[in-house]
Amino acid sequence: MTRRSERIGRSGEYLTCSVLARESDTVTVMPHTSHADVIFEWKHKLYRCQVKTVTHIENRKKNWRFDLRKGITTTGRHYNKDQIDIIAMVNLEYQTICFKAFSDCQTTQITIKDEIMKSTNSIQSFKDAMKSLTMTDI
């Protein structure tokens with residue numbers, strides 16, 4: 001991973017922490033070797049968040065594509081359900097985050113239309129994802 005890629009990833013993690021800190025008293029960036037990038041508390045329970053960050057749009061389709069697999073140099077590139085609870089898809093251009101419960105992610109890539117990414121309310125997206133996640137916990 002290049003230094004530029006590391007900075008982009010770290011920027012996405014810190015932006016995610018900033019949004020999570022508005023809703024949680026406990027938010028921690030995890031070491032690089034961890035499965036999760038961020039750990040946070042929600043309603044007295046700890047959750048694991050994987051952050052995926054993009055900086056450029058697909059030229060042809062005007063969509064933002066997020067690869068939900070582990071890094072390209074990692075063997076076994078898929079996350080297991082016992083490693084991640086929620087995915088944060090960060091767009092650095094718009095400074096927005098689309099959150100999704102990991103259990104709702106059935107593919108290795110998610111594509112989000114530009115107008116949706118641009119107008120996303122990151123806090124509301126987080127609350128919606130947590131509602132979906134906690135409904136599956138019941």
With θ taken as phi - 60° and the coefficients 6.51, -1.76 and 1.60, list the Karplus ³J(HN,Hα) couplings across the range 55-63 in order, rounded to whole Hz; mark glycine and proline as x. 10, 9, 8, 5, 5, 5, 9, 6, 10
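Ignoring everything except DSSP H segments at least 4 long, calculate the 222 nm mean residue ellipticity for the chain; use -39,500 (n - 2.57) per segment, divide by total residues, nearest 500. Can you show the working numbers first?
Numbers: 3 runs with 41 residues, N = 138.
Mean residue ellipticity at 222 nm (helix-derived): -9500 deg cm²/dmol.
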For the range 41-46, Karplus couplings with θ = phi - 60° (6.51, -1.76, 1.60), whole Hz, Gly/Pro x: 9, 9, 6, 6, 9, 8
With N denoting the number of residues in the chain, provide Rg(C-alpha) divided by 2.2 N^0.38 Å, to two decimal places. 0.99
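With all protein chains present and a 1.4 Å probe, how do TYR94, TYR47 order by accessible area, largest first? Let's see the in-between values first.
On the way: TYR94 60, TYR47 10 Å².
Descending order: TYR94, TYR47.
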From phi via Karplus (6.51, -1.76, 1.60), per-residue ³J(HN,Hα) for the range 125-135 in Hz, x at Gly/Pro: 4, 4, 4, 5, 5, 5, 5, 4, 5, 6, 5
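Of all DSSP beta bridges in the chain, what percent run antiparallel (nearest 5)? Write down the numbers at each step before the final one.
Numbers: 19 of 25 bridges.
Of those bridges, close to 75 percent are antiparallel.
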Using modelled amide H (1.01 Å from N, peptide plane; none on Pro or chain starts), what sits under 5 Å from the amide H of ASN63, excluding residues fewer than 5 places away? GLU58
What residues of the range 1-36 lie in the reach of a label at GLN95, counting those whose backbone N is under 16 Å from a point 7 Å from the Cα along Cα→Cβ? 11-22
Name the residues whose placed amide hydrogens come within less than 5 Å of the amide hydrogen of ASP37, ignoring near sequence neighbours (fewer than 5 apart) on the same chain. CYS49, GLN50, VAL51
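The values are calculated or read from the model by the stated rules, or taken from the named source; none is laboratory data. Only a predicted model underlies this, so the values are computations on that prediction, with no experimental measurement involved. Here the Cβ is made from the backbone with ideal geometry for all residues, glycine too, and neighbour counts use every protein chain on show. These accessible areas exclude ligands, DNA and RNA; they are computed on the full protein's heavy atoms, side chains included. Shrake-Rupley method; radii C 1.70, N 1.55, O 1.52, S 1.80 Å.
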